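The values are calculated or read from the model by the stated rules, or taken from the named source; none is laboratory data. Because the structure is predicted, anything quoted here is derived from the model rather than measured. Cβ coordinates were reconstructed from backbone atoms using ideal geometry, including for glycine residues, and neighbour counts include every protein chain displayed. Please note that ligands, DNA and RNA were not included when accessible areas were found on the heavy atoms of the full protein model with its side chains. Shrake-Rupley method; radii C 1.70, N 1.55, O 1.52, S 1.80 Å.
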Amino acid sequence: MPKIVGVKFKKSPKIYYFDAGNREYKENCFVIVETARGVEFGEVKIMPTEVRDEDIVAPLKPIIRIATEKDIAQDKRNSEKRNEVYPLIEKKIADSKLKMRLSDVEYTFDGNKLIIYFTADSRIDFRELVKDLAASFRTRIELRQIGPRDECKMIGGLAPCGRACCCSDHISEFAHVTIKMAKNQNLSLNSAKISGLCGRLMCCLAYENDYYAEINKHMPKVGSTIKTKKDGAGVVESVNQLSDTVTFRKEKKDDVEHVVIPAAEITAVYHKGAEIPDDDADDEELKKLQD
């Protein structure tokens, strides 16, 4: 099995694998690596360890070197330059009248290229803007249009739950999130309550969806009629998937009783409007509830 080192970069919580080689590493030390974007400055988060071949995206690139004091100083200068040019770029975008919003700016490690991230509702013809930026900063310019989720991951912030946004804190890959996941968990379908800072469905909806989808297979629907051995029959008012219980309305002569039972105690379920099977045809209580 190949021996890898896990490296994390500033803009993402994802950890990337590189060939460990024969070097000795210290935890959280800085390294210089080559990526698809060029030479980058990263931090070691996983010490040398062996992993399975199927867990690696080939080819596995080597660590160029452990960062020197000069490399660390270079990274610091890049951060300082980034802070200086950010407001200038923001102003040039505003002056260009282009319908785009600046998300972030960064220099490549060698300082030869300035990468500008932006969001827009449609495709943007930024050729003239690139010429203006290249003339002003005297370096290569690359503009990258990103989506709302990527912008949130890059910038970060506090989610509605009060914690840091999952995408910027620990998620390495975006999950496929659908409105069905919110329905599975009996959440309000109010978009303001199930959307994150990016305006898209919250990533956390996918965390426990498998559990809810499985438990819903034996949960009755609200409004259906259920039958139990101990508590008789009634109409389902609510279900609690976490405690695996059902609350149903049991009508008496002059009163209504609300009963909470484990879902396992249900012996039969009849959906609203469904015909009662012959086995229960003589059950007057069920007939009354179905009418």
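Structure data summary
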item	result
Candidate set from segment 29-40 (those that are open to solvent by less than 50 Å² (accessible area, probe 1.4 Å) and not hydroxyl-bearing (Ser, Thr, Tyr)); member that is modelled with the lowest pLDDT	Gly38
Any hit, segment 50-61, residues being in contact with a helix residue (DSSP H, G or I) (Cβ under 8 Å, 6 or more places away or on another chain) and free of Cβ contacts under 8 Å to residues at least 60 places away in the same chain	no
Failed condition for Glu43, given (1) open to solvent by less than 60 Å² (accessible area, probe 1.4 Å); (2) over 24 Å from the mean Cα position of the chain (by Cα)	(2)
Test set (1) of a type outside the set (A, V, I, L, M, F, W, C); (2) in a helix (DSSP H, G or I); (3) open to solvent by less than 80 Å² (accessible area, probe 1.4 Å) - Lys183 fails condition number	(3)
Whichever residue in segment 156-176 is in a loop (DSSP other than H, G, I, E, B) and touching a residue at least 60 places away in the same chain (Cβ under 8 Å) and, among such residues, is least open to solvent (accessible area, probe 1.4 Å)	Ile171
Subset of segment 46-75 (residues that are over 29 Å from the mean Cα position of the chain (by Cα), more than 17 Å from Lys8 (Cα to Cα) and loosely packed, with under 15 Cβ neighbours inside 10 Å)	Thr68, Glu69, Lys70, Ala73
Residue that is within 30 Å of Ile155 (Cα to Cα) and either in contact with a Gly (Cβ under 9 Å, 6 or more places away or on another chain) or assigned to a helix (DSSP H, G or I) (or both), where the choices are Lys227, Lys250, Lys193	Lys193
Within segment 239-264, tally of residues that are within 26 Å of Thr178 (Cα to Cα) and either loosely packed, with under 13 Cβ neighbours inside 10 Å or touching a Leu at 6+ places or on another chain (Cβ under 9 Å) (or both)	2
Single match in Thr139, Thr108 (criterion: touching an Asp or Glu at 6+ places or on another chain (Cβ under 8 Å), surrounded by 13 or more Cβ atoms within 10 Å (Cβ to Cβ) and not small (Gly, Ala, Ser))	Thr108
Any hit, segment 15-28, residues being within 22 Å of Asp110 (Cα to Cα), part of a loop (DSSP other than H, G, I, E, B) and open to solvent by less than 60 Å² (accessible area, probe 1.4 Å)	no
Subset of segment 197-224 [of a type in the set (A, V, I, L, M, F, W, C) and either touching a Lys or Arg at 6+ places or on another chain (Cβ under 8 Å) or part of a helix (DSSP H, G or I) (or both)]	Cys198, Cys203, Cys204, Leu205, Ala206, Ala213, Ile215
Asn83 vs. criteria in contact with an Asp or Glu (Cβ under 8 Å, 6 or more places away or on another chain), without any contact (Cβ under 8 Å) to a residue 24 or more places away in the chain and open to solvent by 60 Å² or more (accessible area, probe 1.4 Å)	no
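Condition check ((1) outside any loop (DSSP other than H, G, I, E, B); (2) β-branched (Val, Ile, Thr); (3) without any contact (Cβ under 8 Å) to a residue 40 or more places away in the chain; (4) closer than 30 Å to Met1 by Cα) across all residues:
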{"site": "Ile32", "(1), (2), (3), (4)": "yes, yes, no, yes"}
{"site": "Gly42", "(1), (2), (3), (4)": "yes, no, yes, yes"}
{"site": "Lys76", "(1), (2), (3), (4)": "yes, no, yes, no"}
{"site": "Ile116", "(1), (2), (3), (4)": "yes, yes, yes, no"}
{"site": "Ile124", "(1), (2), (3), (4)": "no, yes, yes, no"}
{"site": "Glu128", "(1), (2), (3), (4)": "yes, no, yes, no"}
